[in-house]
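The values are calculated or read from the model by the stated rules, or taken from the named source; none is laboratory data. Computed from a prediction, not measured in an experiment: that's the story for all the values here. When we count neighbours, we look across all protein chains shown, and the Cβ atoms used for this are built from the backbone with ideal geometry, even at glycine.
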């Protein structure tokens, strides 16, 4: 339960995340961030704090080469799978390997990685994942042409999800890729 929002603005990727840790009806406000920068990458996770900890502290994302989308769905995902397996997070269900869901930004492009390791790039230039994703997407769409800066748009999306979803709560944290 959570919401991670991302958008591309002036060739940078900006992410915002809530602080909810949810188990059943129990809500814990977590101090460890769901959105962070790792080298030239920015990432924001849902699904599991363990997966997020591996993404932040154990995963050494490779330097992008060639076609970025092709690189993400092959080299990058293969390195990620190895990290998650080594960290005890990747799981198998009916002989299919699964992980969790998160956003990744690199070189001014925003991707979603889904639990089946599918990599999606968003034509709208924004995305959201987690239980509050539809609420946040509505806010991102509604603010697209209002001239708001990226932090203000991310905050509006997080606040909409926070207001309408029991699985989302502040405080919010933000992370951005370096200028590309």
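Here are the numbers for this structure:
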{"read-out": "Residues located in region 119-128, provided they are outside any loop (DSSP other than H, G, I, E, B) and within 22 Å of residue 78 (Cα to Cα)", "value": "119, 120, 121"}
{"read-out": "Selection count, region 88-116, where residues are over 13 Å from the mean Cα position of the chain (by Cα) and either at pLDDT below 95 or within 20 Å of residue 152 (Cβ to Cβ) (or both)", "value": "14"}
{"read-out": "Test: residue 125 is more than 22 Å from residue 165 (Cα to Cα), modelled with pLDDT of 95 or more and buried (at least 23 other Cβ atoms within 10 Å of the Cβ)", "value": "no"}
{"read-out": "Any chance residue 116 is part of a helix (DSSP H, G or I) and either more than 16 Å from residue 16 (Cβ to Cβ) or touching a helix residue (DSSP H, G or I) at 6+ places or on another chain (Cβ under 6 Å) (or both)", "value": "no"}
{"read-out": "Any hit, region 81-101, residues being surrounded by fewer than 21 Cβ atoms within 10 Å (Cβ to Cβ) and within 18 Å of residue 37 (Cβ to Cβ)", "value": "yes"}
{"read-out": "Tabulated pairs, region 139-151, first free of Cβ contacts under 8 Å to residues at least 24 places away in the same chain, second assigned to a loop (DSSP other than H, G, I, E, B) and surrounded by fewer than 13 Cβ atoms within 10 Å (Cβ to Cβ), C-beta under 8 angstrom, 6+ apart or interchain", "value": "141/124; 144/124"}
{"read-out": "Only listed residue being at pLDDT 95 or above, assigned to a helix (DSSP H, G or I) and touching a helix residue (DSSP H, G or I) at 6+ places or on another chain (Cβ under 9 Å), chosen from 135, 146", "value": "135"}
{"read-out": "Some residue of region 51-58 being at pLDDT below 95 and surrounded by fewer than 18 Cβ atoms within 10 Å (Cβ to Cβ)", "value": "no"}
{"read-out": "So residue 160, is it assigned to a strand (DSSP E or B), touching a residue at least 24 places away in the same chain (Cβ under 8 Å) and crowded, with 17+ Cβ neighbours inside 10 Å", "value": "no"}
{"read-out": "Qualifying residue in region 86-93 (condition: touching a strand residue (DSSP E or B) at 6+ places or on another chain (Cβ under 7 Å), assigned to a loop (DSSP other than H, G, I, E, B) and in contact (Cβ under 8 Å) with a residue 24 or more places away in the chain)", "value": "no"}
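Quick grid of which residues meet (1) closer than 20 Å to residue 151 by Cα; (2) at pLDDT 95 or above:
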position: 2; (1), (2): yes, no
position: 6; (1), (2): yes, yes
position: 9; (1), (2): yes, yes
position: 16; (1), (2): yes, yes
position: 21; (1), (2): no, no
position: 36; (1), (2): yes, yes
position: 41; (1), (2): yes, yes
position: 44; (1), (2): yes, yes
position: 48; (1), (2): no, no
